[in-house]
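J.: Structure in structure tokens, see below.
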Amino acid sequence: MNIKSGVCVLVMLVATFLSCSDHDTDDKTDGEVKNEITGTVQKGPFIKNSQITIFALNDDLSATGESYPEQIADDSGNFSIKSLIKTNYVELRVNGYYYNENSSSVSEAPLSLQAVASVDKKKVNVNLLTTLSFLRIK
């Protein structure tokens, strides 16, 4: 093996070593684990780019001041939020337009829906029933 091929092998080994990692940087930041909450927002499905925000709640279900804004990912009302939520409970608030199944068109005005959920629950659906029960739960 000549020097030129030895250098090539060494460069490939270093590149391979640097591209491998034992930890997932997408799921951890400074030793804290990111939580992911997914779900669907429906009155009819909320349309893509409607605003959804998760607010961290303490054990008394009062807001802590932390919020994590995101947008609805598709026209089926699906969302996914990764965040460093450090509390056990969250409030989800959604504001936007939805597909009106009665008129087969997008709603003429935006609608706001809410829900309260445990962070342990990885899938949360937000709808009229969660909105109606929201104040009663809080």
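J.: Summing Lys, Arg as +1 and Asp, Glu as -1, what charge do residues with Cβ under 13 Å from the Cβ of Tyr99 carry, Tyr99 excluded? Could you put the intermediate results ahead of the total?
T.: Working: positive: Lys43, Lys48; negative: Asp74, Asp75, Glu101, Glu108.
With Lys, Arg at +1 and Asp, Glu at -1, the net is -2.
J.: Still on this model: So if we plug the beta-carbon distance of Glu36 and Ser103 into 1/(1 + (r/R0)^6) with R0 = 35 Å, what FRET efficiency do we get, rounded to 0.05?
T.: Details: r = 34 Å, r/R0 = 0.98.
Computed FRET efficiency for Glu36 and Ser103: 0.55.
J.: Give me the net charge of Leu61's neighbourhood, meaning all other residues with Cβ under 9 Å from the Cβ of Leu61; Lys, Arg count +1, Asp, Glu -1. Let's see the in-between values first.
T.: Values: positive: Lys138; negative: Asp59, Asp60, Glu91.
Taking every other residue near Leu61 into account, the sum is -2.
J.: Further question: Could you check the simple spin-label distance between Ser76 and Asn49, using points 7 Å along Cα→Cβ, in nm with one decimal?
T.: 2.1
J.: Could you tell me which of the pairs Lys48/Lys121; Lys82/Lys123; Lys43/Lys138; Lys82/Lys122 are separated by over 19 angstrom between their Cα atoms in the structure shown? Don't jump to the answer; show the numbers that get you there.
T.: Values: Lys48/Lys121 23 Å; Lys82/Lys123 12 Å; Lys43/Lys138 22 Å; Lys82/Lys122 11 Å.
Listed pairs above 19 Å: Lys48/Lys121; Lys43/Lys138.
J.: Show me the ranking of peptides 105-111, 74-80 by mean Cβ neighbours inside 10 Å, starting with the highest.
T.: Working: 105-111: 11.9, 74-80: 16.9.
Ranked by mean Cβ neighbours within 10 Å, highest first: 74-80, 105-111.
Any read-out appearing in this document is the output of simple, stated calculations on the displayed coordinates, not a laboratory observation. Everything numeric here is computed off the predicted structure, so don't read it as measured data. As a convention, Cβ positions derive from the backbone with ideal geometry for all residues, glycine included, and neighbour counts pool all protein chains shown.
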